[in-house]
1. If I go through the stretch 3-35 residue by residue, how many of them are open to solvent by 50 Å² or more (accessible area, probe 1.4 Å), among the small types (G, A, S) and touching an Asp or Glu at 6+ places or on another chain (Cβ under 7 Å)?
2. Quick one: which residue in R99, R103 is part of a loop (DSSP other than H, G, I, E, B) and among the charged types (D, E, K, R)?
3. Look at the stretch 85-99 and say how many of its residues are small (G, A, S) and buried (at least 21 other Cβ atoms within 10 Å of the Cβ).
4. Being touching a Lys or Arg at 6+ places or on another chain (Cβ under 6 Å) and either not in a helix (DSSP H, G or I) or not hydrophobic (A, V, I, L, M, F, W, C) (or both) is the filter; apply it to the stretch 46-62 and report the residue that is nearest to T130 (Cα to Cα).
5. Being charged (D, E, K, R), over 21 Å from E101 (Cβ atoms) and in contact with a helix residue (DSSP H, G or I) (Cβ under 8 Å, 6 or more places away or on another chain): is that true of R18 here?
6. Name the pairs: first residue in the stretch 153-168 and within 24 Å of A4 (Cα to Cα), second residue of a type in the set (A, V, I, L, M, F, W, C) and part of a loop (DSSP other than H, G, I, E, B), Cβ to Cβ under 9 Å, at least 6 apart or on different chains?
7. Restricting to the stretch 161-173, and then to whatever is outside any strand (DSSP E or B) and either among the charged types (D, E, K, R) or modelled with pLDDT of 70 or more (or both), can you tell me which residue is farthest from D139 (Cα to Cα)?
8. Residues that are modelled with pLDDT under 95, open to solvent by 50 Å² or more (accessible area, probe 1.4 Å) and farther than 22 Å from R142 by Cβ: does the stretch 47-64 have at least one?
Amino acid sequence: MLLASGSTGNCALIEAGRGDDRVVVALDCGIAQRTGRDLAADAGLALTSVDAVLLTHAHADHSANVVAVAARAQAPLYAHPEVIDQRPQLRASEIARRRVELRPYADRASFQVGPLRITPIALPHDAEPTHGFVFESQDGQRAAYFSDLGRPEVLMEGVLDGVESLVLEFNYDPEMLENGP
């Protein structure tokens, strides 16, 4: 469920499982905590009780409040090790001060959050590293989330096989494409 998407902030919630196996994962949180809380409440969820927080990359519109959300929810923060210390809010000292458990992930190395299998996929973007995620439930349902996708080639490598729900977020700027790398 997308709570916010765009240059002013991104945040999504992924819900999987039922009963005792139910998990809710926050994906990025570059929006104000109050805004995130209100948007989650409108959807019948609570940002303060997520089971995990995932970070795609260090840009502020994705990362501004991930540590704060993880701290308030007492949830682990999953982030690629190279994003740590790229921004003040992502400093290792801030993560430690807020007593957030940092769980590093690696490209294409799947990990579990409750019944949800999560596979990070490296994406081309001007923030290194940037990852999207493929989510798979225990019953085999697959979904994927790719934001700030610079080029689509990575998605052509079988990454989307069996994906039933797909979120793509990217910007199209003809001038930047014409004059950029």
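The values are calculated or read from the model by the stated rules, or taken from the named source; none is laboratory data. Quantities reported herein were computed from a predicted structural model and do not represent experimental measurements. Don't worry about glycine lacking a Cβ; one is built from the backbone with ideal geometry, like all the others, and counts go over all protein chains shown. In case anyone asks, the SASA skips ligands and DNA or RNA and just uses the protein heavy atoms, side chains included. Shrake-Rupley method; radii C 1.70, N 1.55, O 1.52, S 1.80 Å.
1. 2
2. Values: R103 fails: part of a loop (DSSP other than H, G, I, E, B).
When all the criteria are applied, what remains is R99.
3. Total satisfying the criteria: 0.
4. A58
5. Considered against the rule, which asks whether it is charged (D, E, K, R), over 21 Å from E101 (Cβ atoms) and in contact with a helix residue (DSSP H, G or I) (Cβ under 8 Å, 6 or more places away or on another chain), R18 comes out as no.
6. Listed pairs, sorted by first residue: L155/L149; L166/L160; L168/L149.
7. First pass over the stretch 161-173, keeping only residues outside any strand (DSSP E or B): 161-162, 170-173.
Now restrict to residues that are either among the charged types (D, E, K, R) or modelled with pLDDT of 70 or more (or both): 161-162, 170, 173.
On the way: D161: 16, G162: 12, F170: 30, D173: 39 Å.
In this case the residue turns out to be D173.
8. Yes, the stretch 47-64 contains at least one residue that is modelled with pLDDT under 95, open to solvent by 50 Å² or more (accessible area, probe 1.4 Å) and farther than 22 Å from R142 by Cβ.
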